[in-house]
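Derivation of every value follows stated rules applied to the coordinates shown; laboratory data play no part. Keep in mind it's a predicted model, so treat the numbers as computed, not measured. Here the Cβ is made from the backbone with ideal geometry for all residues, glycine too, and neighbour counts use every protein chain on show.
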Amino acid sequence: MPLSAFPVRRLDTAGRLCCSYKHERKLPILLFLQRMQQFAAGPWDEFDKDAALGRVGGDIDLLKEIARLFLDDCPRSLTELREAAARNDCSAVERSAHTLKGASANFGATRLVSAALDIEKMGHAGTLDNFVPALVEVESALDALRAELEVMIAS
């Protein structure tokens, strides 16, 4: 997913929350949420190397460094997510899942983005009823992404 597909949130002249994209004018938040659901529906990619390289101007060494930092940070991110859920701190769950979603989007990891989005939505809704199965999906998607990133780093 190209970087231009990620929105910038702002208020329009009437005070309504809108999202804007490089290739579009203003997009009402409901349409944005609809697009995120379509994005979350697939197709699934663990790692889109071409998209990731595009985000770093084709600099493979920079991409490898970003991947190393991401992989180094993943255990802390998962710990934060688990601890927030254990405290039933929905706001912290939402924030942690949002951070993980954004970081994984850098690699075109649609499966992990979708799984993190599901948890983010739970936190936003204030209910963590399905947190455990959602976390299992995040961990599974993260394991698959980790494997692909480690291959890329080693090459």
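Restricted to segment 104-125, and to residues that are under 9 Å from the mean Cα position of the chain (by Cα) and β-branched (Val, Ile, Thr), which residue is nearest to Ala52 (Cα to Cα)?
Thr110
Show the residue pairs that are 6+ apart or on different chains and have beta-carbon atoms under 8 Å apart, the first residue being within segment 122-140 and touching a residue at least 24 places away in the same chain (Cβ under 8 Å), the second being of a type in the set (A, V, I, L, M) and outside any helix (DSSP H, G or I).
Pairs that qualify, where the first residue is touching a residue at least 24 places away in the same chain (Cβ under 8 Å) and the partner is of a type in the set (A, V, I, L, M) and outside any helix (DSSP H, G or I), are Met122/Leu128.
Okay, residues lined up against (1) buried (at least 17 other Cβ atoms within 10 Å of the Cβ); (2) not β-branched (Val, Ile, Thr):
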{"position": "Leu78", "(1), (2)": "no, yes"}
{"position": "Arg82", "(1), (2)": "no, yes"}
{"position": "Leu100", "(1), (2)": "yes, yes"}
{"position": "Ser114", "(1), (2)": "yes, yes"}
{"position": "Asp118", "(1), (2)": "yes, yes"}
{"position": "Met122", "(1), (2)": "yes, yes"}
{"position": "Ala125", "(1), (2)": "no, yes"}
{"position": "Val138", "(1), (2)": "yes, no"}
{"position": "Leu149", "(1), (2)": "yes, yes"}
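So, Ala109, is that one among the small types (Gly, Ala, Ser) and in contact (Cβ under 8 Å) with a residue 60 or more places away in the chain or not?
yes
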